[in-house]
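Structure, as structure tokens:
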Amino acid sequence: MASRNRILGFTRRELLQEQAAAWVVRLENGPLTPDEARSLREWAGRSDYHRRILLETARVWDRMEVLAGLSEVLSLENPVPRRAVLGRMVLPALAAGLAMLGIALFMRPPAVPGTIPAAVTAAVLRPAGPQIHETRIGANDVVQLGDGTVINLNTATRIQVEISPSRRSILLLQGEAYFDVARDEQAPFVVTVDGTEISAMGTAFSVQKLGDSVEVTVAEGLVQVKRDNASFPGDPAARFEPVMLRAGQVAQFSKPGVEEVREIEPQAIARKLLWQQKILAFDGNTLQEVVDEYSRYTPLKIRIADAETAAIRVGGYFRSDNIAGLLTSLKQNFAIEVRQIGADSFELQRVARAH
Amino acid sequence: MDSGTSRSRLEAIYFECRAALKSVIRRYLRRPEDVDDIAQEVYVRVLEADGKSPILDPRAYFFVTARNLALKHLALHANKITGQLEDFGLSEVMDEKTALDAQYEVHEQLSIFFEAVQALPPQCRRVLILKKVYGLSHEEIAERLNIAISTANQHLAKGLARCTVYLQERGYLGGTMDGRGGVRKDGKS
């Protein structure tokens, strides 16, 4: 179980939690030997607290079986195309009446293979010269650097990667990327967007280039954001003192400087980063916000006919590569009509229910 | 107001898509008798629902119901490890249901677990997704990710521990374990 020398720095709960989880995984692997069984009894017999944690952890493990429900959304690898009938399927919330979809799982087979690790396209790091990686609208890609750093590129994103023994430099030219940075004290990891530098040491964060600002979301560890003053010659107003951001913080930087630093809930961070699984999560957002977000992922133009329709609140999980699924769901759940108004443009409008 | 789709029409649609429904259910449940039971239950549920208000798209409704019932079955009968612990005589504190079962519908549980898994470090998350979403064995996971089986097990244990803490801190498991580092003091849940 957890080794003794790690006890320092752990709270009792964390330590017991790790031991309990290790037992549960051990049980999952098949019958215990008599020695192991004795040892488990001994461990669980130490206190009610031990037993509670063990049982609670076992219950979480068992309940996690419901995650199988995601197997239709997250593709393991490009599956055999499914029957057309499944293409129209949605899983709306049971809570009818609420203007929330709850969790909507779209069954269309993904056009692009794999949203998970197996499909990681390992880009072999060539030490020489900067390399460009980019994604089309609606596409996702994973770039694996030789140092163990993993970069997820969201839709319509373009980065330049330059690695040297003393520095790992990334230029975010367009779009949004998530960086899971391997620790290397000798070579700082720096993401630059329009003269704003985000430096990390063994951390995970995402950076999105917006119109004329930059948004940084920190999932793990710490990052430092500062201005590269050379990028703003003669514009002292554009300079700002370096800012440290820690896990759970989201900050926006624009030309005049730091716009906002705010704390968000871990769930909200997780939701913000779901695009890596090609999933967009909405939590009571207006239809206008939903359409704006989707517009990043599709070349189609979607317009909302009136303010009333634009204000409808939508929640749930949607596949970013299945706009047809979103539209079907809007139609079924909100009586929103979808009208084609051009070769690649559509208009949404809520209509009075027929029945 | 219409009094619902005609029963014979629903029946016709049901039999037409029964095989496809079963293949959806089979994704979640392996035992053939469970698959048959759920497929049957789907029909009953749809008839009941249709009696209350007309179903606009019965076909879609059948599939949604099938998926929901299969997930629910999964949630209620997933007791592989807790069952083993009961065999160990560790069941005396197991009587109370978790807040998770009592307060959340199965699709909400799915979304809660999904959030917990999303919060994991990448490799840990990968291993857990392969295990719980795809049901791969530990050997298959190790092979797919090119890691040792013991490493896969460590990731699973770490992921499980973190997810349990994640759920605990947000009050999803109820207040049974409020020792140090347990339930948050700021009232958030």
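The values are calculated or read from the model by the stated rules, or taken from the named source; none is laboratory data. Note that this is a predicted model, so its numbers are computed, not measured. Every residue, glycine among them, receives a Cβ derived from its backbone with ideal geometry; neighbour counts consider all protein chains shown.
Scanning the range A:139-184 for residues being touching an Asp or Glu at 6+ places or on another chain (Cβ under 7 Å) and either among the hydroxyl-bearing types (Ser, Thr, Tyr) or surrounded by fewer than 19 Cβ atoms within 10 Å (Cβ to Cβ) (or both) gives a total of 7.
Among the numbered conditions (1) closer than 29 Å to A:Tyr297 by Cα; (2) outside any strand (DSSP E or B); (3) more than 14 Å from every other protein chain (Cβ to nearest Cβ), the only one that A:Gln160 does not meet is (2).
Per-residue answers, yes or no, for (1) touching a Ser or Thr at 6+ places or on another chain (Cβ under 6 Å); (2) at pLDDT below 80; (3) farther than 24 Å from A:Trp275 by Cβ:
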{"residue": "A:Ile302", "(1), (2), (3)": "no, no, no"}
{"residue": "A:Asp306", "(1), (2), (3)": "no, no, yes"}
{"residue": "A:Thr309", "(1), (2), (3)": "no, no, yes"}
{"residue": "A:Ile312", "(1), (2), (3)": "no, no, no"}
{"residue": "A:Gly325", "(1), (2), (3)": "no, yes, no"}
{"residue": "A:Phe334", "(1), (2), (3)": "no, yes, no"}
{"residue": "A:Gly342", "(1), (2), (3)": "no, no, yes"}
{"residue": "A:Glu347", "(1), (2), (3)": "no, no, yes"}
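Within the range B:133-146, is even one residue surrounded by 23 or more Cβ atoms within 10 Å (Cβ to Cβ), of a type outside the set (Gly, Ala, Ser) and touching a residue at least 24 places away in the same chain (Cβ under 8 Å)? There is no residue in the range B:133-146 that is surrounded by 23 or more Cβ atoms within 10 Å (Cβ to Cβ), of a type outside the set (Gly, Ala, Ser) and touching a residue at least 24 places away in the same chain (Cβ under 8 Å). Taking first residues from the range A:48-60 that are facing chain B (nearest Cβ under 7 Å) and partners that are in a helix (DSSP H, G or I) and charged (D, E, K, R), the Cβ contacts under 9 Å between residues at least 6 apart in sequence or on separate chains come to A:Tyr49/A:Arg12; A:Tyr49/A:Arg13; A:Ile53/A:Arg13; A:Ala58/B:Lys80; A:Arg59/B:Asp101.
Consider the range A:149-167. How many of its residues are within 19 Å of the chain's Cα centre (by Cα) and farther than 13 Å from A:Tyr178 by Cβ?
Number of matching residues: 2.
Looking only at residues of the range B:46-69 that are facing chain A (nearest Cβ under 8 Å) and closer than 20 Å to B:Leu21 by Cα, we find that the one that is surrounded by the most Cβ atoms within 10 Å (Cβ to Cβ) is B:Arg67. Cβ-Cβ distances below 7 Å connect the following pairs, each with a first residue in the range A:10-37 that is facing chain B (nearest Cβ under 7 Å) and more than 16 Å from B:Glu169 (Cβ to Cβ), a second residue that is part of a helix (DSSP H, G or I) and of a type in the set (Gly, Ala, Ser), and a separation of six or more residues or different chains: A:Ala22/B:Ala157; A:Val24/A:Ala58; A:Val25/B:Ala157. Here A:Ala84 passes the criteria (1) facing another protein chain (nearest Cβ under 8 Å); (2) surrounded by fewer than 13 Cβ atoms within 10 Å (Cβ to Cβ); (3) modelled with pLDDT under 85 except the one numbered (1). Counting only residues that are facing another protein chain (nearest Cβ under 7 Å), of a type outside the set (A, V, I, L, M) and over 17 Å from A:Asn29 (Cα atoms), the range B:127-169 holds 3 of them. Set side by side, the residues A:Lys272, A:Lys301, A:Lys278 differ, and just one is of a type in the set (Lys, Arg) and closer than 16 Å to A:Phe205 by Cα, which is A:Lys272.
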